[in-house]
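Structure, as structure tokens:
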Amino acid sequence: MSKIPFRNPGWAGNVGEYKLTEEQVRGIDFVGVRPLEGGHAAAASTYPFMLEAKDPGAPLFEGPYQTRFEKILTRYPTKQAALLPALNLAQEVRGYISPETMDRVAQLLELSSAYVRGVATFYTMYNKRPVGRHLVQVCTNISCNLCGAQDVLEAFLKHTNTEMGETSLDRAFTVIEAECLAGCGFPTCVQINSRYYENVTVAEVPRIVAHLRGNGDGFVPPDNRDDATHTKFAVAPPSTRTESEE
Amino acid sequence: MGYPYSHEKEVPIISEHFGDPEARTLEGWKARGGYEALKKALDMSPEDVVEIVKASGLRGRGGAGFPTGLKWSFMPKDKAKPHYLLCNADESEPGTFKDREVLRWVPHLLIEGCVIAAYAMGAEHVYIYCRGEFFEATQVLAKAVEDAYADGILGDDVLGSGQKIDVTVFAGAGAYICGEETGLMSSLEGRRGEPRVKPPFPAAVGAFGMPTTINNVETLAAIPPIVRNGGEWYRQWGTEESPGTKLFCVSGHVNRPGNYELPLGFPLKDLIYEVCCGMVEDRPLKAVIPGGSSVALLSAEEAENCSLSYEGVIEAGSMLGCASVIVMDETTDIVHQVARMASFYAHESCGQCTPCREGTAWVTTILKRIEDGRGTEDDLDTLVEVTDQMIGTTICVLSDSVAPPVQSSIEKFRDEYLALIRRGERVGAA
């Protein structure tokens, strides 16, 4: 871990004319630290489930995870409806959804293993096999593609020394192509584990990779990205715009 | 105000507090007039709330543009069965990025809209289906929901009214098709996100077999201001057929991409050249997709006089969809971009219906072949023929969505296809 908090120039989109910090845009302080056992049951199935730390042998579910699982069950009229939340939770704990994991979830929800397999394989976010500590998903759909996403994808493959969809030898990276991540105004949008990196350009890729490897240069860019060198495209000066309130 | 840029021509109703971290908190939201609309709604009869929404003329912001008040009125009045409201936050149409901004900047606006809507249609439980990738935005919403519960806004006795309304935040797991309303219901029930045949319509047999209404995030976020100010107030913007304001998501080759909230009927030309500060490096415009990847491309000439209302974009030869404006300049390789969109549909097809499962795959294969310089002129006819057979032949409209970009690009940019086919010449650097 680098000592200075890493800030990818595209950490949270182009903040444009707003004076905002990364924490403010991402809502980090607002969300705060969420208890493992889940807060209110209404929000118990909203925890990120693509994490760096993975324990493929962890039990399903125990301790705080068991508590959270029980909270989830209270929110739906059927047990089956808890299937996606349960798979999310299983991936959060184990890092991927193996056939054994599917069987265990099936058991917990009184469903057949075949049924759970059918559902789990339908959704792309469930890793059906182990992935690296950092799962890098580069959007190459139209809006990002227009702004150079293909080159960003290739840069990630090059700098992580992996092939598409494969995991690097040190198990640090898996790089895949993603469909539209709904960050089209901030191209190229890259999802790495549970967070978005936005406005990523080819030049920034080595820094992001170094940061993820834990030997980043601690580079901290300016808070406001009005500097044309940061964006792929220069930002035109405001023409008819009035001064916005601070 | 839009995010990350604003413009003086904007009418910020939903986006008023975008970029303002204070607005996320419950206190901050209340200080900005939050939950006043809910109090007002709870003092009215549910029917009157529906009437206000009908009077506003608000149309569904998820793409189809169906009148919201009318949709709500389809819900049975009889309370023998539980009623559900589903909020569709599974934003994944390429080019669309408005719902995430609502979730992360004004979560309480969405919660307030959900509770008012639930009250209006007698729903006791609201499920907000967030797309799985939105981990951060979903957690902001989750925290806001927890705060709303702690404050008595949600739960067994909403603001002391005796009304019981619960909200549950659900996280999806990556499937475009779950943004289709019946696909979303399937997914919420713990199934593969496969759409269902309509009828029965969700208002009769929806989630868990119960009466259900599904509304987009932006639709529900527009409800509190409408209830607070009245239906007529909302009609001061927009056109007769498309009243109100809309978040326009602009991406591609413009200097200032982002979300802008503008009155419907705003000229596309002004959106690009004024609001978004023009094309990158002033390069000429080549094509615009006005409503996300499922609609027809507009040529630069067609874009010139296009008015961004539901009816205006149809007149120009495309559809407004969810107002996801993708701008392409002259360096764009149209064939490559269309092939990329087709492969998206092939990836996201749920596979239930043969015309879609086979059609998306073949269209992608043929387009890739053309892109690789191995195409023939007959391929263009084949593409039109295949996509024709994908319209109206399947359960949902994912299949239908492939035809407009493919057919319109062949019609309007035939030269580019022919150049690739005849001489292997490619436009742009892609």
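Descriptive notes on the structure:
- Hey, residue B:60 in contact (Cβ under 8 Å) with a residue 60 or more places away in the chain, surrounded by fewer than 24 Cβ atoms within 10 Å (Cβ to Cβ), under 12 Å from the mean Cα position of the chain (by Cα) and closer than 23 Å to residue B:291 by Cα or not: yes
- Any chance residue A:190 is more than 9 Å from every other protein chain (Cβ to nearest Cβ), touching a helix residue (DSSP H, G or I) at 6+ places or on another chain (Cβ under 6 Å) and at pLDDT 95 or above: no
- Filtering segment A:109-147 to residues that are assigned to a loop (DSSP other than H, G, I, E, B) and more than 13 Å from chain B (Cβ to nearest Cβ) leaves A:129, A:130, A:131, A:132, A:133.
- None of A:58, A:41 is in contact with a Lys or Arg (Cβ under 6 Å, 6 or more places away or on another chain) and closer than 24 Å to residue B:155 by Cα except A:41.
- All conditions in (1) within 24 Å of residue A:25 (Cα to Cα); (2) touching a Gly at 6+ places or on another chain (Cβ under 9 Å) hold for residue B:52, with the sole exception of (1).
- Residues of segment B:178-227 that turn out to be of a type outside the set (Asp, Glu) and within 14 Å of another protein chain (Cβ to nearest Cβ), as a count: 22
- Options B:276, B:356, B:322: the member that is within 30 Å of residue B:194 (Cα to Cα) and within 13 Å of chain A (Cβ to nearest Cβ): B:322
- Filter pass, residue B:415 being outside the structural domain of residue B:251 (by TED's automatic domain parsing), of a type outside the set (Val, Ile, Thr), over 26 Å from the mean Cα position of the chain (by Cα) and at negative phi: yes
- Residue list for segment A:78-108, restricted to those being away from chain B (no Cβ under 12 Å) and without any contact (Cβ under 8 Å) to a residue 24 or more places away in the chain: A:99, A:100, A:102, A:103, A:107
- Condition met for residue B:301 (without any contact (Cβ under 8 Å) to a residue 40 or more places away in the chain, assigned to a helix (DSSP H, G or I), over 21 Å from residue A:185 (Cα atoms) and over 21 Å from the mean Cα position of the chain (by Cα)): yes
- Some residue of segment B:136-159 being under 21 Å from the mean Cα position of the chain (by Cα), more than 19 Å from residue B:26 (Cβ to Cβ) and among the hydrophobic types (A, V, I, L, M, F, W, C): no
- Residue match in segment A:148-170 (condition: modelled with pLDDT of 95 or more, among the aliphatic types (A, V, I, L, M), farther than 26 Å from residue A:182 by Cβ and not in a loop (DSSP other than H, G, I, E, B)): no
- Scanning segment B:49-85 for residues that are touching a Pro at 6+ places or on another chain (Cβ under 8 Å) and among the aliphatic types (A, V, I, L, M) yields B:58, B:75.
- Within the set B:10, B:36, the sole residue that is in contact with a helix residue (DSSP H, G or I) (Cβ under 9 Å, 6 or more places away or on another chain), closer than 25 Å to residue B:144 by Cβ, outside the structural domain of residue B:165 (by TED's automatic domain parsing) and modelled with pLDDT of 95 or more turns out to be B:10.
- The set of residues in segment A:171-187 being more than 8 Å from every other protein chain (Cβ to nearest Cβ) and assigned to a loop (DSSP other than H, G, I, E, B) consists of A:171, A:172.
- Hits in segment A:29-64 - residues which are charged (D, E, K, R), over 24 Å from residue B:125 (Cβ atoms), without any contact (Cβ under 8 Å) to a residue 40 or more places away in the chain and not in a helix (DSSP H, G or I): A:62
The values are calculated or read from the model by the stated rules, or taken from the named source; none is laboratory data. Please read these numbers as outputs of a predicted model, since none were measured by experiment. Positions of Cβ are backbone-derived with ideal geometry, glycine not excepted, and every protein chain shown enters the neighbour counts.
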